[in-house]
1. I'm trying to understand the selection: among the residues of segment 97-111, which are near the ligand (Cβ under 9 Å from one of its atoms) and either assigned to a loop (DSSP other than H, G, I, E, B) or out of contact with any helix residue (DSSP H, G or I) (no Cβ under 9 Å at 6 or more places or on another chain) (or both)?
2. Exactly one of (1) more than 14 Å from L173 (Cα to Cα); (2) open to solvent by less than 70 Å² (accessible area, probe 1.4 Å) is unmet by A85. Its number?
3. Could you tell me whether any residue of segment 118-140 is surrounded by fewer than 16 Cβ atoms within 10 Å (Cβ to Cβ), over 13 Å from the mean Cα position of the chain (by Cα) and more than 8 Å from the ligand (Cβ to nearest atom)?
4. Given the conditions (1) within 20 Å of E167 (Cα to Cα); (2) among the polar types (S, T, N, Q); (3) surrounded by 15 or more Cβ atoms within 10 Å (Cβ to Cβ), and given that Q95 satisfies all but one, which numbered condition is not satisfied?
5. Kindly indicate the residue of segment 56-87 that is outside any loop (DSSP other than H, G, I, E, B), touching a Leu at 6+ places or on another chain (Cβ under 8 Å) and more than 12 Å from the ligand (Cβ to nearest atom) and also nearest to E167 (Cα to Cα) among those meeting that condition.
6. Does at least one position in segment 88-96 carry a residue that is more than 16 Å from the chain's Cα centre (by Cα), free of Cβ contacts under 8 Å to residues at least 40 places away in the same chain and within 12 Å of the ligand (Cβ to nearest atom)?
Amino acid sequence: MRRVVTILASAIGIAFLIGLGAFLYMKTEMHGFSARAEPSRTEAMLATYARETAMPDSAKARRNPIRFTPEVQHEAMAHFADHCAVCHANNGSGQTMFGQGMYPKPPDLRMTRTQNLSDGEIFYIIENGIRMSGMPAFGGEATDTADDTWKLVLLIRHLPQLTASEEQQMDALNPKTPSEAEEDKEEEQFLNGGATNTKSSPMHK
Ligand code: HEC
């Protein structure tokens, strides 16, 4: 009987200590549950290490089979503006409403952290996503997305030199909500010197 009591008391004691540890960790290291915080250095290091270890060496060593031509660049810019910019921003900075509210936040793709990855690593990340982060997997099981993904890798390499006019072209390709599309249409009509409300125009009486 005494043994049972001792075992029970130890179990409760251990559970309490684990709970206390987790509570203190969340209070101090994780800043509660907020996605607004930045991961601590330890957390970022462990996550990066886990990602590096989990990626097969053969994937890291893969070479980009596609050449960067103006056509390829345009295709990749349209793709990035449509699928990636909502989190990463057209210029890759990550300064978007969604990006800034995520945990971990999308890094600035123009900086060494991303640019030092091999082409194969960037390809693998786009195809497979990053677990426990907001980075989705874009590779399809049914459809072959490899060429499109290699083109995105080329664009990511180009982001540090993206010009203002290229960024503007991408702005025009970003997905728009119906009200944004309506606003753009009105603005265009106004700039063209047309009436914004055609119904009240005397021409349409
Ligand atoms: C819903 C938001 C979201 C979308 C959409 C998204 N990403 Fe990401 N991406 C992230 C986040 C968050 C990270 C950071 C993950 C981390 O730190 O573990 C990330 C990381 C990456 C990385 C790794 C960068 C590095 O240095 O570690 C690459 C490359 C990348 N994204 C490319 C893309 C491309 C290309 C697309 C579009 C096809 C895309 N992402 C779409 C959120 C997103």
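The values are calculated or read from the model by the stated rules, or taken from the named source; none is laboratory data. Remember, predicted model here, so these are calculated numbers, not experimental data. Virtual Cβ from ideal backbone geometry, glycine too; neighbours counted across all protein chains shown. Just so you know, the surface numbers come from the protein's heavy atoms only, side chains and all, with ligands and any DNA or RNA stripped out. Shrake-Rupley method; radii C 1.70, N 1.55, O 1.52, S 1.80 Å.
1. Step one: of segment 97-111, the residues near the ligand (Cβ under 9 Å from one of its atoms) are 98-99, 102-109, 111.
Matches in segment 97-111: M102, Y103, P104, K105, P106, P107, D108, L109, M111.
2. Only one criterion is unmet by A85, namely (1).
3. Yes; the residues of segment 118-140 include at least one that is surrounded by fewer than 16 Cβ atoms within 10 Å (Cβ to Cβ), over 13 Å from the mean Cα position of the chain (by Cα) and more than 8 Å from the ligand (Cβ to nearest atom).
4. (3)
5. Initially, segment 56-87 is screened for residues outside any loop (DSSP other than H, G, I, E, B), giving 57-60, 70-83, 85-87.
Filter once more, so that each one left must be touching a Leu at 6+ places or on another chain (Cβ under 8 Å): 72-73, 76-82.
Retained after the next criterion (residues that are more than 12 Å from the ligand (Cβ to nearest atom)): 72-73.
Working: V72: 16, Q73: 12 Å.
So, considering only residues that are outside any loop (DSSP other than H, G, I, E, B), touching a Leu at 6+ places or on another chain (Cβ under 8 Å) and more than 12 Å from the ligand (Cβ to nearest atom), the one nearest to E167 (Cα to Cα) is Q73.
6. The initial filter retains those residues of segment 88-96 that are more than 16 Å from the chain's Cα centre (by Cα), namely none.
Checking segment 88-96: not a single residue is more than 16 Å from the chain's Cα centre (by Cα), free of Cβ contacts under 8 Å to residues at least 40 places away in the same chain and within 12 Å of the ligand (Cβ to nearest atom).
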